[in-house]
Amino acid sequence: MIGLASDITPDLADGNLVLVLIVAVIALAALGMAMMFRNEVLAAGEGTENMKTIAKAVQEGANAYLTRQFRTLGIFAAVAFLALLVLPGDAEVRIGRSIFFLVGAGFSAAVGYLGMSLAVQSNLRVAAAANESGRDPAMKIGFRTGAMVGMLTVGLGLLGASIVVLLYKDEAPHVLEGFGFGAALLAMFMRVGGGIFTKAADVGADLVGKVENNIPEDDPRNAATIADNVGDNVGDCAGMAADLFESYAVTLVAALILGSQAFGDKGLVFPLLIPAIGALTAVLGVYLCRPRAGENGLKTINRAFYISAAVGAVASVIASFAYLPSKFSEFENVTGLDMSGAEGDPRLIASAAVVIGIVMAAGILALTGYYTGTEYRPVKDVGKTSLTGAATVILAGLSVGFESAVYTTLVIGGAVFGAFLLGGATVTVSLFAVALAGCGLLTTVGVIVAMDTFGPVSDNAQGIAEMSGDVSPEGAQILTELDAVGNTTKAITKGIAIATAVLAATALFGSYSTSVIDAVLDAGKLSADDESALNFFVYNPGVLVGVLLGSAVVFLFSGLAINAVARAAGAVVYEVRRQFREIPGIMEGTGRPEYGKVVDIVTRDSLRELVTPGLLAVLAPIAVGFGLGVAALAGFLAGAIGTGTLMAVFLANAGGAWDNAKKLVEDGNHGGKGSPAHEATVIGDTVGDPFKDTAGPAINPLIKVMNLVSLLIASAVVSLSVGEDQNDALRIVIALAAVAIIAVALYISKQRAVDLGDDAAAAAESASA
């Protein structure tokens, strides 16, 4: 079996430095394409003055929220920066890791903010194009908006990684840990905060508007409509864009760390080449997204994805054979690893791993499309159950979510295990193959992000059209069709984001394991020839305890996110009811709702509620690692990855099925809008909203943040647990401090729930009086 030698890092030859420079140039070109797509979108017509007024209100609300959110997150970033500085290790590496933590966080914030900034300007342009020019121009504007965010994601991810490799060369893998952690931490906060904002407003608007007052979804008489549209942008645009960027960055980080151990300098460069190819094929996919006459918009987008993925697969195979050597023995002198157990052709292993990742992305696209698309049986069956009431709608949606989670997990698990088997008897090469499968998936990210952003842009365009009343019936129908397509593309991208999370987390888990074993060997706890060195995690009962704790954290995190939406949505409901009751003429259209008050409520609540889940994600691994040891922490990560995968898919697909079942009824099926069936699907959709847009997507950065925190603290945990520096008292104090902070945060969160209940009771008593 291959020897573990994570302390051996490669130096870059001149030829490899040139390749990294080329990757950096491709990254800059991708950023240039992003600016070009942005200019294309902004050149389109903006529609009527009424549309512009509504869009401006949405823009102001979104900008105000993100500004306040970044101020809050700045505190967390500063604390994490200082914490990284005090971790053990070389001073230059610690400083570089801390600096690039800020760079990763900054890039993640930039992708989210710039994506949202264009989306709020694109919304009214899509609405105007649907009204004035037809479906195809409207769809082009929406997809070009997503393409800008996609190229920004690819460009900044590649640029950050290539700069680290150019500056730090052999120490790049250690510095990249900070880059990935910064991207993941900020994305998790943006995903949670934005998800709470958007779904609190959405659920509150639906419950008071559709269910209680039987008015349309984006009726301007509903005080929550502006907040709902703001939420689409800060959650589905800014939050999801940051999430997909961190998926890109963390997958790259995992591949570069393991690649440097397995293939030396070529392993440090090759993972950059594959996403660089993806940047080029993404441009191809964007230009291929041209609707044919009478063609469903989803079919158009899927065709662009499949063609660009196929071209990326072929190009990646060519790159593998052109760059990598044909024998493992050629790596021995570079890495210092024992390659005696390594069999096969590295070129075949690398290219097969990349293709596995691309095929997995295509498989998840097909599976998610089947379970959430309006033209397939699962959503149609959920729609039919609306004839018997809301309870059966909810039961049917839960069934879809549970079933789809199994099949999606089988696809992801098959891809992970298939890639791992490619390495044969060599653990490090096997883990690198898993990371390369993630890199293969990254070749599709440019198009995937475009698909994701298309969803909220088309949704907001429909909202602006309905609120303004300036769109013709034909234009409204076009926007309804695009909104249904966007619902499915959002669900698909959530599925692929989950897959990237699993691949990255699995690779990081492998890197954590090898780092711990190396640290234990260095401390003299075990000998290199002792079989227990490789079975260190297998026969320790703490592993099972860790698995249970890791699974429990996923459940607790999901519960916190959904409960936060419920509390904030409750506040929205009472505020909108108050306005209907106290402001004269709202229902008649003569009175103007106070939109800003609802925006303030969800802004305040979402920023307050994101703290507890964030602290849980960062501190839970610290508590387990220092308190129970490295073996328990390994089990903790395994439990979080397994449970997080199933939970994320279940939540995303159940919510997507409920959403599109509602769309089916609104299109005239089973009685259409205003019918009992419609009311039943609206209730199902409100249950699914925090599932698919808050808790589900937030699990992706959660498991990566916990893996990265574990990787960063691994050596510190080992040094305090074994060897000459063993200090049980200190590690227990650290663990208890982490547990105490989590407990206090949970207590404060629960107290907020009690306070809301008292306020709600008082409001109800006032209303009845």
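The values are calculated or read from the model by the stated rules, or taken from the named source; none is laboratory data. It should be emphasised that the depicted structure is a prediction, and the values quoted were computed from it without experimental measurement. With ideal geometry, Cβ positions are generated from the backbone for all residues, glycine too; neighbour counts draw on all protein chains shown.
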Residues of segment 193-247 being over 20 Å from Val573 (Cβ atoms) and either surrounded by fewer than 24 Cβ atoms within 10 Å (Cβ to Cβ) or among the charged types (D, E, K, R) (or both), in sequence order, are Asp236, Asp243, Glu246
Of all residues in segment 558-605, count the ones that are small (Gly, Ala, Ser) and surrounded by fewer than 19 Cβ atoms within 10 Å (Cβ to Cβ). 6
So Leu387 fits all but one of (1) closer than 17 Å to Asp452 by Cα; (2) at pLDDT 90 or above; (3) among the hydrophobic types (A, V, I, L, M, F, W, C); what number is the exception? (1)
Return the residues of segment 397-436 that are under 22 Å from the mean Cα position of the chain (by Cα), of a type in the set (Phe, Trp, Tyr) and within 20 Å of Phe328 (Cβ to Cβ); say none if nothing qualifies. none
Among the aliphatic types (A, V, I, L, M) and farther than 23 Å from Ser247 by Cα - does that describe any residue in segment 146-162? no
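Suppose we filter Ile277, Ile301, Ile257 for residues that are closer than 21 Å to Asp136 by Cβ, surrounded by 22 or more Cβ atoms within 10 Å (Cβ to Cβ) and out of contact with any Lys or Arg (no Cβ under 9 Å at 6 or more places or on another chain); which single one remains?
Values: Ile277 fails: closer than 21 Å to Asp136 by Cβ; Ile257 fails: closer than 21 Å to Asp136 by Cβ.
Exactly one of Ile277, Ile301, Ile257 is closer than 21 Å to Asp136 by Cβ, surrounded by 22 or more Cβ atoms within 10 Å (Cβ to Cβ) and out of contact with any Lys or Arg (no Cβ under 9 Å at 6 or more places or on another chain), namely Ile301.
Which is farther than 22 Å from Met706 by Cα and not aromatic (Phe, Trp, Tyr), of Leu272, Leu252, Leu258, Leu244?
Matching residue, one of Leu272, Leu252, Leu258, Leu244: Leu272.
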Filtering segment 67-117 down to residues that are buried (at least 18 other Cβ atoms within 10 Å of the Cβ), of a type outside the set (S, T, N, Q) and more than 21 Å from Val250 (Cβ to Cβ) yields Met116
Any chance you could count how many residues in segment 587-605 are in a loop (DSSP other than H, G, I, E, B) and charged (D, E, K, R)? 3
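A quick yes/no check of all residues on (1) at negative phi; (2) over 23 Å from the mean Cα position of the chain (by Cα); (3) in contact (Cβ under 8 Å) with a residue 24 or more places away in the chain:
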| position | (1), (2), (3) |
| --- | --- |
| Glu46 | yes, yes, yes |
| Asn50 | yes, yes, yes |
| Glu60 | yes, yes, no |
| Thr67 | yes, no, no |
| Gly74 | yes, no, no |
| Ala77 | yes, no, yes |
| Leu82 | yes, yes, no |
| Leu85 | yes, yes, no |
| Gly89 | no, yes, yes |
May I ask you to list pairs of residues, at least six apart or on different chains, whose Cβ atoms are under 7 Å apart, with the first in segment 727-741 being in contact (Cβ under 8 Å) with a residue 12 or more places away in the chain and closer than 10 Å to Ala623 by Cα and the second being surrounded by 13 or more Cβ atoms within 10 Å (Cβ to Cβ) and small (Gly, Ala, Ser)? Arg731/Ser721; Ile732/Gly627; Ala735/Ala623; Ala735/Gly627; Ala738/Ala623; Val739/Ala623
First in segment 163-183 and free of Cβ contacts under 8 Å to residues at least 12 places away in the same chain, second anywhere and crowded, with 19+ Cβ neighbours inside 10 Å, Cβ under 9 Å, 6 or more apart: none
So Gly668 passes all but one of these: (1) touching a helix residue (DSSP H, G or I) at 6+ places or on another chain (Cβ under 9 Å); (2) under 26 Å from Thr368 (Cα atoms). Which condition number does it fail? (1)
Residue pairs meeting the criteria (Cβ under 8 Å; at least 6 apart or on separate chains; first more than 18 Å from Gly455 (Cα to Cα), in segment 494-506; second assigned to a helix (DSSP H, G or I) and basic (Lys, Arg)): Ala501/Lys704; Ala504/Lys704; Ala505/Lys704
Out of all the residues in segment 513-557, which are surrounded by fewer than 17 Cβ atoms within 10 Å (Cβ to Cβ), of a type in the set (Gly, Ala, Ser) and either modelled with pLDDT of 75 or more or in contact with a strand residue (DSSP E or B) (Cβ under 8 Å, 6 or more places away or on another chain) (or both)? Ala552
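Just the residues that are closer than 13 Å to Asp136 by Cβ and either outside any loop (DSSP other than H, G, I, E, B) or in contact with a strand residue (DSSP E or B) (Cβ under 7 Å, 6 or more places away or on another chain) (or both), please, taken from segment 286-298. Outline the logic, then answer.
Step one: list which residues in segment 286-298 are closer than 13 Å to Asp136 by Cβ, which gives 289-297.
Result: Gly297, single match.
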Residue under question is Ala450, and the condition is that it be assigned to a helix (DSSP H, G or I), of a type in the set (A, V, I, L, M), over 21 Å from Ala119 (Cα atoms) and in contact (Cβ under 8 Å) with a residue 60 or more places away in the chain; does it hold? no
Before we move on, is Gly510 surrounded by fewer than 24 Cβ atoms within 10 Å (Cβ to Cβ), in a helix (DSSP H, G or I) and at pLDDT 75 or above? yes
Do any residues in segment 393-409 that are closer than 14 Å to Tyr370 by Cβ have Cβ atoms under 9 Å from those of residues that are surrounded by fewer than 22 Cβ atoms within 10 Å (Cβ to Cβ) and among the charged types (D, E, K, R), where the two are at least six apart or on different chains, and which pairs are they? Val400/Asp381
Filtered residues of segment 613-650 (kept if among the polar types (S, T, N, Q) and buried (at least 24 other Cβ atoms within 10 Å of the Cβ)): Thr645
Residue match in segment 690-710 (condition: over 30 Å from Asp232 (Cβ atoms), in contact with an Asp or Glu (Cβ under 9 Å, 6 or more places away or on another chain) and part of a helix (DSSP H, G or I)): no
